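Each remark here refers to the structure printed beneath this line.
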Amino acid sequence: MAITKTIRPGLIQMRVTDLKASVEFYQNVLGLDIVGQTSDGRVMLKTYDEFDHHSVVLKQAPESGFDYVAFKVVDADTLEELKAATEAFGYPVDIASDEQPGFGKRYGFKLCTGHRIELYADVELAEKIPMLKNPDPWVEMPRGMRAQRFDHLLLYGPNIAEAERYFIEVLGMFAPEICDTPDGKPFARWLTGGNKAHDIAFVEYERPNTIHHHAFYLEDWNAIGNAADLIGKHRVKRDVGPTRHAITRGQTIYFFEPSGNRIETYAGGYAAYPDNPQREWDIDEIGRGLFYYEGELFPSFLEIVT
Amino acid sequence: MKYTIKDATTGTEYICRDDESIFRAMHKSGRSIFKGGCEGGGCGICKVKILEGDYVKFKNMSRAHVSEDEEEQGIVLACCVKPLESIVLTKEI
Ligand code: FES
Ligand SMILES: [Fe+2]
């Protein structure tokens, strides 16, 4: 439930070098359903537990990585208000021209970190949605890792201080946790527009427009164990986990899909409230912050991005 | 079939099946020259030059990391190629 102007990051488009293998992975290992294909061959997917038309789009490309993420805002008036506020902040705004079936008008702009961010208010319900009347937990038994929703993403890029300012001042989000460098510059920011511990996070990085991971929510710690079994069974390249974050307190496992983009499956995490005090991490404690059981940083985790 | 993969810089040798990537053979040994990696041809961490031996590319390599020119010179992502015979390679390109 949104407690600010944005409801959730509702749509992510990722570039993949092997569309067929990646779609197969999202479908059978993560457990998403294929919704359909756009006229230019991109593949739309959603989890069994999401209501909106689709939440993930995979696009064949010469390079893997991030295309854009779109935040659903509370209503059409808020969308226009946020468009004007984004322009006033200094980012030129366009109307997205690539087709996203089921979605209404999407405004987009380039953030200082190099990433394209979009905003929208309207999207149709999907054909297959969770039950509404005397509902069972699911309609068809969930597959694979049983991903429940596209949860959040971590982007790497330059000048995350400005990115944080945009998300707080314009979108009305807040940062439940932060980590600064010893000289007081932002190293990492976790930001949310609702009660989830984070909708989006940023890490300061020289190269613009890179992504560390996008994450899917799983039901609980048992589901993380099931995900780990599937990683073993399907020879998936694991990165870190199963473990727990001290930051956001979520339980987690990281791995790579067949085109090399990192994915996290995430469960738990605390409820964030905008009136709660902010939690702060010293950079020399960040290993424990990220990986609470191991208490150390993994070089692959910080350095590998797409 | 199994072949030997040798890192020219350290002299370290790895056993590699003909149906697995050079990256995976190194990774499995616990002595890889790479600190992790995506194993999907996306992150570029496993970029190497093949000095000796024939190999086959079985996965697309992200053009952000290996250009067509480089590919022609035997510069590859180790997670996207399988050996056809024993291989000598280097990370120092
Ligand atoms: S390990 Fe990422 S490109 Fe090979
Ligand atoms: Fe995450």
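Would you mind finding the one in A:Phe216, A:Phe174 that is of a type outside the set (D, E, K, R), at pLDDT 95 or above and under 18 Å from A:Pro277 (Cβ atoms)?
Just one listed residue meets the conditions, A:Phe174.
Might you let me know whether the range B:47-55 holds any residue that is surrounded by fewer than 20 Cβ atoms within 10 Å (Cβ to Cβ), within 12 Å of ligand 1 (Cβ to nearest atom) and on the phi < 0 side of the Ramachandran plot?
Within the range B:47-55 (the criterion being surrounded by fewer than 20 Cβ atoms within 10 Å (Cβ to Cβ), within 12 Å of ligand 1 (Cβ to nearest atom) and on the phi < 0 side of the Ramachandran plot), the answer is yes, since at least one residue qualifies.
Search the range A:129-175 for residues being of a type in the set (Phe, Trp, Tyr) and in contact (Cβ under 8 Å) with a residue 40 or more places away in the chain, and hand back the single one that is most open to solvent (accessible area, probe 1.4 Å).
My answer is A:Trp138.
Quick one: which of A:Glu264, A:Glu280, A:Glu294 is loosely packed, with under 13 Cβ neighbours inside 10 Å and more than 10 Å from every other protein chain (Cβ to nearest Cβ)?
It is A:Glu280.
Suppose the filter is open to solvent by 10 Å² or more (accessible area, probe 1.4 Å) and in contact with a helix residue (DSSP H, G or I) (Cβ under 9 Å, 6 or more places away or on another chain); does A:Gln60 pass it?
Considered against the rule, which asks whether it is open to solvent by 10 Å² or more (accessible area, probe 1.4 Å) and in contact with a helix residue (DSSP H, G or I) (Cβ under 9 Å, 6 or more places away or on another chain), A:Gln60 comes out as yes.
If I filter the range A:2-26 down to residues being within 15 Å of the chain's Cα centre (by Cα) and open to solvent by 30 Å² or more (accessible area, probe 1.4 Å), which single residue comes out as nearest to the other protein chains (Cβ to nearest Cβ)?
A:Arg15
Does B:Arg31 count as surrounded by fewer than 21 Cβ atoms within 10 Å (Cβ to Cβ), more than 14 Å from chain A (Cβ to nearest Cβ) and not in a strand (DSSP E or B)?
yes
Mind checking which residues of the range B:81-93 are away from ligand 1 (no atom under 13 Å from the Cβ) and in a loop (DSSP other than H, G, I, E, B)?
Once the filter is applied, which keeps residues that are away from ligand 1 (no atom under 13 Å from the Cβ) and in a loop (DSSP other than H, G, I, E, B), the range B:81-93 yields B:Leu84, B:Glu85, B:Ser86, B:Glu92, B:Ile93.
Quick check, is A:Asp40 under 20 Å from the mean Cα position of the chain (by Cα), of a type in the set (D, E, K, R) and surrounded by fewer than 21 Cβ atoms within 10 Å (Cβ to Cβ)?
no
For residues that are open to solvent by 40 Å² or more (accessible area, probe 1.4 Å) and under 24 Å from A:Thr38 (Cβ atoms), tally how many sit in the range A:84-128.
Residues in the range A:84-128 being open to solvent by 40 Å² or more (accessible area, probe 1.4 Å) and under 24 Å from A:Thr38 (Cβ atoms): 13 in total.
Within the range B:34-43, take every residue that is surrounded by 21 or more Cβ atoms within 10 Å (Cβ to Cβ) and out of contact with any Gly (no Cβ under 8 Å at 6 or more places or on another chain) and give me the one that is modelled with the lowest pLDDT.
Applying the filter and picking the extreme gives B:Gly36.
If I filter the range B:2-15 for residues that are in contact (Cβ under 8 Å) with a residue 40 or more places away in the chain, buried (at least 16 other Cβ atoms within 10 Å of the Cβ) and within 16 Å of ligand 1 (Cβ to nearest atom), do I get at least one hit?
Looking for residues that are in contact (Cβ under 8 Å) with a residue 40 or more places away in the chain, buried (at least 16 other Cβ atoms within 10 Å of the Cβ) and within 16 Å of ligand 1 (Cβ to nearest atom), one finds at least one in the range B:2-15, hence yes.
Considering the range A:155-170 alone, what residues qualify as being in contact with a strand residue (DSSP E or B) (Cβ under 6 Å, 6 or more places away or on another chain) and either in a helix (DSSP H, G or I) or more than 16 Å from A:His115 (Cα to Cα) (or both)?
A:Ile160, A:Ala161, A:Ala163, A:Glu164, A:Phe167
Can you find even one residue in the range A:68-76 that is touching a strand residue (DSSP E or B) at 6+ places or on another chain (Cβ under 7 Å), touching a residue at least 40 places away in the same chain (Cβ under 8 Å) and within 25 Å of B:Gly40 (Cα to Cα)?
yes
Determine if the range B:61-73 includes at least one residue that is surrounded by 20 or more Cβ atoms within 10 Å (Cβ to Cβ), free of Cβ contacts under 8 Å to residues at least 60 places away in the same chain, touching a helix residue (DSSP H, G or I) at 6+ places or on another chain (Cβ under 8 Å) and closer than 23 Å to A:Ser64 by Cα.
Yes; the residues of the range B:61-73 include at least one that is surrounded by 20 or more Cβ atoms within 10 Å (Cβ to Cβ), free of Cβ contacts under 8 Å to residues at least 60 places away in the same chain, touching a helix residue (DSSP H, G or I) at 6+ places or on another chain (Cβ under 8 Å) and closer than 23 Å to A:Ser64 by Cα.
The values are calculated or read from the model by the stated rules, or taken from the named source; none is laboratory data. Note that the structure is a prediction, hence the values are computed from the model and not measured. Here Cβ is always computed from backbone atoms with ideal geometry, including for glycine, and neighbour counts include all displayed protein chains. Side chains included, ligands, DNA and RNA excluded: accessible areas come from the protein's heavy atoms. Shrake-Rupley method; radii C 1.70, N 1.55, O 1.52, S 1.80 Å.
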